[in-house]
Amino acid sequence: MHQTFDAALSINLLHANQTGADSNRAHFDEWGITCLNIMSSPGAGKTVLLEQTLEALSSEIKVAVIEGDMTTELDAERLRKYNVPVIAINTGRSCHLDSRMVAGGIHQLEHQYNPTDFDLVLVENVGNLVCPAEFEVGEHLKIALLSITEGEDKPLKYPIMFQQADCLLITKIDLAPYLDVDINRIEENVRQMNPHVKIITISAKTGAGLEAWLDWVKSQVVAKPTLVGKPE
């Protein structure tokens, strides 16, 4: 009985969250905004990726950020240096953003700015390799980061994140000479979970792969993904 109750509660929570996510996405569609949900374990490089993305793109694409963190605004303050709107959301004890939290961020964005002026909203989710992938927030596409320091087996041990990802960034590849890790094996393990995911290897330190990432982001903004389907 207890297990049945827990399963029913989980289903109800996910259903309620999905309803909220659909509403959030409808707002983004109405405003002509592409929304990317960026997820990873702590320390994989989400914030530095956003810093480099904002530095490179904010002059040609109108960008806003919804920044999720459990208790602080440290990452939000880093991103505000790039003169883009950054809405900080503290989740408290929650290990992920959900659609209700992001709806609050959308509400702030709508009341402080004209949302139709924006082309792209980047959501930086809470650092966690499990929960964020299960809770849609209204994004059009999910971006997962995996640092090579996390090892080759993470896609097999934590499959949901990699099954859900539309694009995977394998980060910190500049450290490959110093680690006993095979990047090709990481890609093979990811492909077992998700054969069609876009994979980009990248280094924030050297800039390797950054141009490929930026080109991919720009292509998604141009494509304007909507509720009815994702771009190829």
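Each reported figure results from applying straightforward, stated rules to the coordinates on display, with no laboratory input. Predicted model only: the values in this text are computed from it and were never measured. Cβ: placed from backbone, ideal geometry, glycine included. Neighbour counts: every protein chain shown.
Per-residue Karplus couplings for the stretch 77-83, computed as 6.51 cos²θ - 1.76 cosθ + 1.60 with θ equal to phi - 60°, are listed in order as 5, 4, 7, 5, 5, 9, 6 Hz, Gly and Pro entered as x. Taking only the C-alpha atoms of the stretch 93-178, Rg followed by Dmax gives 15.5, 49 Å. Converting phi to 3J(HN,Hα) with the Karplus coefficients 6.51, -1.76 and 1.60 and the offset θ = phi - 60°, the stretch 63-72 yields 10, 10, 10, 10, 10, x, 8, 6, 9, 10 Hz in sequence order, with x at every glycine or proline. For the residue pairs 46/205; 46/218; 46/172; 46/198; 154/218, alpha carbon separations beyond 23 Å are given by 154/218. Using the Cβ-Cβ distance between residue 100 and residue 58 with R0 = 22 Å, the FRET efficiency computed as 1/(1 + (r/R0)^6) comes to roughly 0.20.
The label point for residue 178 and the one for residue 30, both projected 7 Å from the Cα toward the Cβ, are 5.0 nm apart. Only helical runs count toward this figure. For the chain, summing -39,500 (n - 2.57) over DSSP H runs of n ≥ 4 and dividing by all residues gives -13000 deg cm²/dmol at 222 nm.
Please identify, among 80, 25, 93, the residue showing maximal mean-square fluctuation in a Gaussian network model of the chain using a 10 angstrom Cα cutoff. Taking springs between Cα atoms under 10 Å, the residue moving most is 93.
By the count of neighbouring beta-carbon atoms within 10 Å, fewest first, 101, 193, 39 end up ordered 193, 101, 39. With R₀ fixed at 22 Å, the C-beta to C-beta distance from residue 114 to residue 205 puts the FRET efficiency at about 0.05.
The stretch between residue 73 and residue 19, if pulled fully straight at 0.36 nm per residue, gains 16.6 nm over its current Cα-Cα span.
If you take every residue apart from residue 32 with its C-beta less than 9 Å away from the C-beta of residue 32, what net charge results, scoring Lys and Arg +1 and Asp and Glu -1? For residues surrounding residue 32, the net value is -2. From the alpha carbon centroid of the stretch 8-85 to that of the stretch 93-167 is 6 Å.
Residues in the stretch 24-30 carry Karplus couplings, in order, of 4, 5, 4, 5, 4, 5, 4 Hz; the curve used is 6.51 cos²θ - 1.76 cosθ + 1.60 with θ = phi - 60°, and Gly or Pro positions show x. For 203, 219, 99, 23, the sequence from fewest to most other C-beta atoms within 10 Å is 219, 23, 203, 99.
Here the residues 141, 14, 168, 79, ranked from fewest to most Cβ neighbours within 10 Å of their Cβ, fall in the order 14, 141, 79, 168. Counted by Cβ distance under 11 Å from residue 161, the other residues give a net charge of +2, where Lys and Arg count +1 and Asp and Glu count -1. For residue 66, the amide hydrogen comes within under 5 Å of the amide hydrogens of 87, 122, 123, 124, counting only partners 5 or more places away or on other chains and with H modelled in the peptide plane.
Remark on residue 35: its backbone amide H falls under 5 Å from those of 121, 140, 141, a criterion applied only to residues 5 or more positions apart or on other chains, H modelled at 1.01 Å from N.
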